[in-house]
1. Pull up the range 2-40, narrow it to residues that are among the polar types (S, T, N, Q), modelled with pLDDT of 95 or more and in a loop (DSSP other than H, G, I, E, B), then point me to the one that is surrounded by the fewest Cβ atoms within 10 Å (Cβ to Cβ).
2. Out of all the residues in the range 130-163, which are of a type in the set (S, T, N, Q), touching a residue at least 24 places away in the same chain (Cβ under 8 Å) and farther than 19 Å from Ala29 by Cα?
3. If you check Val98 against the conditions, is it out of contact with any Ser or Thr (no Cβ under 8 Å at 6 or more places or on another chain) and at pLDDT 95 or above?
4. How many residues does the range 175-189 hold that are surrounded by fewer than 20 Cβ atoms within 10 Å (Cβ to Cβ) and part of a helix (DSSP H, G or I)?
5. Just to verify a result, which residue in the range 61-109, among those that are closer than 21 Å to Gln172 by Cα and among the basic types (Lys, Arg), is surrounded by the fewest Cβ atoms within 10 Å (Cβ to Cβ)?
6. Could you identify the single residue in Ala97, Ala42 that is touching a residue at least 40 places away in the same chain (Cβ under 8 Å) and either under 14 Å from Pro123 (Cα atoms) or among the acidic types (Asp, Glu) (or both)?
7. Within the bounds of the range 103-116, is there any residue that is at pLDDT 95 or above and under 12 Å from Met4 (Cα atoms)?
8. For the subset of the range 110-165 comprising residues that are among the aliphatic types (A, V, I, L, M) and part of a loop (DSSP other than H, G, I, E, B), which member is surrounded by the fewest Cβ atoms within 10 Å (Cβ to Cβ)?
Amino acid sequence: MSEMYFSVDIETDGPIPGRYSMLSLGCAAYRPDKTLVSTFSANLQVLYGAEEDKSTMAWWAENQEAYKLCRQDPRHPSDVMYSFTEWVEQTRGKDKAVCVCYPAGFDFTYLYWYLMYFTANSPFSFSALDIKSYAMAVLKKDYRKCTKRKFPKEWFDDLPHTHVAVDDAIEQGAMFINILNYNLEGTRK
């Protein structure tokens, strides 16, 4: 049994789940050889009674095209979470599903809250691999010194970071696989 890496990216209207809403969920499933197996994308209706964070909405005002895209055809969160769980299970086949995020402390926190609230189940159990933390270990540098700007150029593919969840999941998933293979090959520069 091998692992399949599910790169998750979300878009929200605030910093924490429950009080604020997940607006969009994107995921890209990768094999360790960087084969992109499948993607998942859905926009979600806001939670009943939830708020909008002023600073987050100010950021969205500066990124209006991405905001408009994440508000197209929103579905009920329960429907999205059940569809997502089914998609992960079908996509992974016999492989073990590993969730990877940049940063996991934000994206996975939201995803896990939504999965547990709406389905009482997570296809990733209660854990996710944080890409930045993994990069810290690979580079042998302090955590705060491990930002994307300081990552080796060979870790990046020519993929856009658009703030559209599925686009960013694809981009960050490819970056994770590049870091993984850099580490496993033992190449240090």
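1. Applying the first criterion (among the polar types (S, T, N, Q)) to the range 2-40 yields 2, 7, 12, 21, 24, 35, 38-39.
Then drop every residue that is not modelled with pLDDT of 95 or more, which leaves 7, 12, 21, 24, 35, 38-39.
Now restrict to residues that are in a loop (DSSP other than H, G, I, E, B): 21, 35.
Numbers: Ser21: 22, Thr35: 10.
Only one residue tops the list, namely Thr35.
2. Applying the first criterion (of a type in the set (S, T, N, Q)) to the range 130-163 yields 133, 147, 162.
Filter once more, so that each one left must be touching a residue at least 24 places away in the same chain (Cβ under 8 Å): 133, 162.
Matches in the range 130-163: Ser133 only.
3. On the way: out of contact with any Ser or Thr (no Cβ under 8 Å at 6 or more places or on another chain): yes; at pLDDT 95 or above: yes.
Yes.
4. Of the range 175-189, the ones surrounded by fewer than 20 Cβ atoms within 10 Å (Cβ to Cβ) are 178, 181-189.
Retained after the next criterion (residues that are part of a helix (DSSP H, G or I)): 178, 181-185.
Final tally of qualifying residues: 6.
5. Lys96
6. On the way: Ala42 fails: either under 14 Å from Pro123 (Cα atoms) or among the acidic types (Asp, Glu) (or both).
Being touching a residue at least 40 places away in the same chain (Cβ under 8 Å) and either under 14 Å from Pro123 (Cα atoms) or among the acidic types (Asp, Glu) (or both) holds for just one of Ala97, Ala42, which is Ala97.
7. Filtering the range 103-116 down to residues at pLDDT 95 or above leaves 103-116.
Narrowing the set further to residues that are under 12 Å from Met4 (Cα atoms) leaves none.
No: zero hits.
8. Step one: filter the range 110-165 for residues among the aliphatic types (A, V, I, L, M), giving 111, 115-116, 120, 128-129, 131, 135-139, 159, 164-165.
Next, from what is left, pick out any that are part of a loop (DSSP other than H, G, I, E, B): 120, 128, 159, 164.
Working: Ala120: 8, Ala128: 22, Leu159: 14, Val164: 21.
If we take residues in the range 110-165 being among the aliphatic types (A, V, I, L, M) and part of a loop (DSSP other than H, G, I, E, B), then Ala120 is surrounded by the fewest Cβ atoms within 10 Å (Cβ to Cβ).
The values are calculated or read from the model by the stated rules, or taken from the named source; none is laboratory data. Predicted, not measured: the structure shown is a model, and the values here were computed from it. Note that each Cβ is placed from the backbone with ideal geometry, even for glycine, and that neighbours are counted across all protein chains shown.
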